[in-house]
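The values are calculated or read from the model by the stated rules, or taken from the named source; none is laboratory data. A quick note: this is a predicted structure, and the numbers were derived from the prediction, not measured. Here the Cβ positions follow ideal geometry from the backbone for every residue, glycine too, while neighbour counts run over all protein chains shown. Only protein heavy atoms, including side chains, enter the accessible area calculation; ligands, DNA and RNA are left aside. Shrake-Rupley method; radii C 1.70, N 1.55, O 1.52, S 1.80 Å.
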Amino acid sequence: MAVKEARTTRASARERLLAAANELFYNEGVHTVGIDRVIEQAGVAKASLYNTFGSKDELVRAYLETRHASVTQRIMQAVDRYHTPRERLLAVFEGQGELFAQPDYRGCAFARASAESHPGDLAEQAAEAYRRWVRTLLTELAAQAGVPEPEVLARQLHLLYDGSGQSARMDHDPAAAAVARTAAATLLDAA
């Protein structure tokens, strides 16, 4: 009975590979970390990686998609705490601040991965999908707030979003999101 319970509670090879990739790729870089280190940390056979993902590039893509889902959940939880369109838009920066406050925050995983990628590769595509999501969210929330040109405001807010992430990382300042939120409120009021 105990053996059966151990099997059902042990993470799958996919889950272990993604957990190892998340830790290693985020902390050290997607191209710096060799596939053998990921396999060793995950405690799986090399064949498990290739059977599950097919290649390191696909593992990198899956890692970034997992990060995307995690960030999306955090940001949307912050947005969903509010009811007025103005507060929902500004809540994006609150959700971002929650990410910055994490003890293991090392900057934007997408910016880091795309800096190491080649044009058009899977890491760059995943980073572009994340950026489209952020811009679309900001545009939709700006439109709900009644801004006459939501795309223009969304672009400005996206710059604040990116800049606060860079500041939080480089300056070791989790309060960067609060500063960005204040600037975002000023831009929203001016729009």
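Values as computed for the structure displayed
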{"item": "Computed accessible area, ARG16, all protein chains, 1.4 angstrom probe, square angstrom", "result": "50 Å²"}
{"item": "Relative contact order, percent, segment 90-166 [alpha-carbon distance under 8 Å, six or more residues apart]", "result": "29 percent"}
{"item": "Protein-only accessible surface order, largest first, of SER55, SER70 at 1.4 Å", "result": "SER70, SER55"}
{"item": "Relative contact order [Cα under 8 Å, 6+ residues apart], segment 1-143, whole percent", "result": "22 percent"}
{"item": "Of HIS158, HIS118, HIS68, the one that fluctuates the most in a GNM where the chain has Cα springs shorter than 10 Å", "result": "HIS118"}
{"item": "Accessible surface, the chain, averaged per residue in Å² (probe 1.4 Å)", "result": "54 Å²"}
{"item": "Matching label, Cα Rg over 2.2 N^0.38 Å computed from the structure shown, candidates (1) 0.93; (2) 1.17; (3) 1.22", "result": "(2)"}
{"item": "Cβ-based charge dipole, the chain, positive-most Cα from TYR161, LEU17, ALA78", "result": "LEU17"}
{"item": "Cβ charges +1 (Lys, Arg) and -1 (Asp, Glu), total dipole of the chain, debye", "result": "500 debye"}
{"item": "Cα→Cβ-extended label distance, 7 Å offset, between GLN41 and GLU128, nm", "result": "2.8 nm"}
{"item": "Portion, in percent, of the accessible area of segment 58-137 that falls on carbon or sulfur, probe 1.4 Å", "result": "52 percent"}
{"item": "On Cα atoms only, tilt of 85-100 relative to the major axis of the chain in degrees", "result": "40 degrees"}
{"item": "Inter-site label distance for THR186 and MET170 at 7 Å from Cα along Cβ, in nm", "result": "1.9 nm"}
